[in-house]
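*Asks:* Dropping the structure in here first, questions after.
Bear in mind these aren't lab numbers, they're just calculated from the coordinates by the rules spelled out. This one's a predicted model, so the numbers in the text were calculated from it and none came from an experiment. A quick note on method: Cβ atoms are made from the backbone with ideal geometry, for glycine too, and the neighbour counts reach across all protein chains shown.
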């Protein structure tokens, strides 16, 4: 009975996450931000961090952060780096390669979650999991290319391999997040705090520091609060209440829902 309730809770959380993530393309269509992806990632990470900070403050869990061991903090920063790396490599892919090809490669991360969960979490691989992954990925592929597979020739293989590395990075982040036993809000807050540091470093090297305009802040706030910050609470909560390999195939609903929006 307990396992049944946990699975249902996971489905609720992953559904909320999918709804938020599926709004990203729709929102991006109206996004008039003048910032490049290094700058967007930096400011979005700040807003996500502040969102989780105030939630932790409201729930009176913020003091727990100062009791974590160095080992725990190092783990949280490592997971934050994996998440940051995913977005950095993904944005690079969209800049340098065919957007449709990158989008297809991007949605390999649920597959990698299943594979990594077998190795790291010792989860079992059932026939249903394999079929759900297979049909889910094929469905996403058809929707992305709208049935015209001639649009895909997978040129720029070097760039696409970098995108795959990013997908593996996010899959590893998701799987290892199940091993984090501290307060979830605090954990995600530290992830985004580390992302601030990493994104500031890459922005300093590959871009420039600029002050966002009022229009830029609309994009930053929506992305930082909802599409990134709160959605991560839903995603990791879903992972914690069920097998990662069971939750991962649900993500293939995201582009379908995006197309409907």
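*Asks:* Hey, rough spin-label estimate for residue 36 and residue 61, points 7 angstrom out along Cα→Cβ, what's it come to in nanometres?
*Replies:* A separation of 3.7 nm, rounded to one decimal place.
*Asks:* Could you order the peptides 59-67, 189-197, 90-98 from most to least packed, using the average number of other C-beta atoms within 10 Å per residue? Display every interim value, and only then the final one.
*Replies:* On the way: 59-67: 12.1, 189-197: 23.0, 90-98: 18.1.
Taking the mean over residues of other Cβ atoms within 10 Å, the ranking is 189-197, 90-98, 59-67.
*Asks:* Tell me the label-point distance for the pair residue 11, residue 134, using the 7 Å Cα-to-Cβ offset, in nm and rounded to one decimal.
*Replies:* So the label points at residue 11 and residue 134 sit 2.3 nm apart.
*Asks:* Let me ask another. Using the 2.2 N^0.38 Å rule of thumb for compact globular proteins, work out how the stretch 102-213 stacks up: its C-alpha Rg over that value, please. Kindly include the intermediate steps, with their values, before the conclusion.
*Replies:* Working: Rg = 17.8 Å, N = 112, 2.2 N^0.38 = 13.2 Å.
Taking N as the residue count of the stretch 102-213, the ratio is 1.35.
*Asks:* Given the chain, report the % of alpha carbon pairs whose separation exceeds 27 Å. Spell out each step's value before the answer.
*Replies:* On the way: 12476 of 33930 pairs.
Result: 37 percent of Cα pairs exceed 27 Å.
*Asks:* Could you quote the convex hull projected area for the stretch 17-146, Cα atoms only and averaged over all directions, in nm²?
*Replies:* Numbers: hull surface 44.2 nm².
Projected area, direction-averaged: 11.0 nm².
*Asks:* Quick one: if you stick a label point 7 Å off each Cα along the C-beta vector at residue 70 and residue 155, how many nm between them?
*Replies:* Label-label distance for residue 70 and residue 155, simple model: 5.2 nm.
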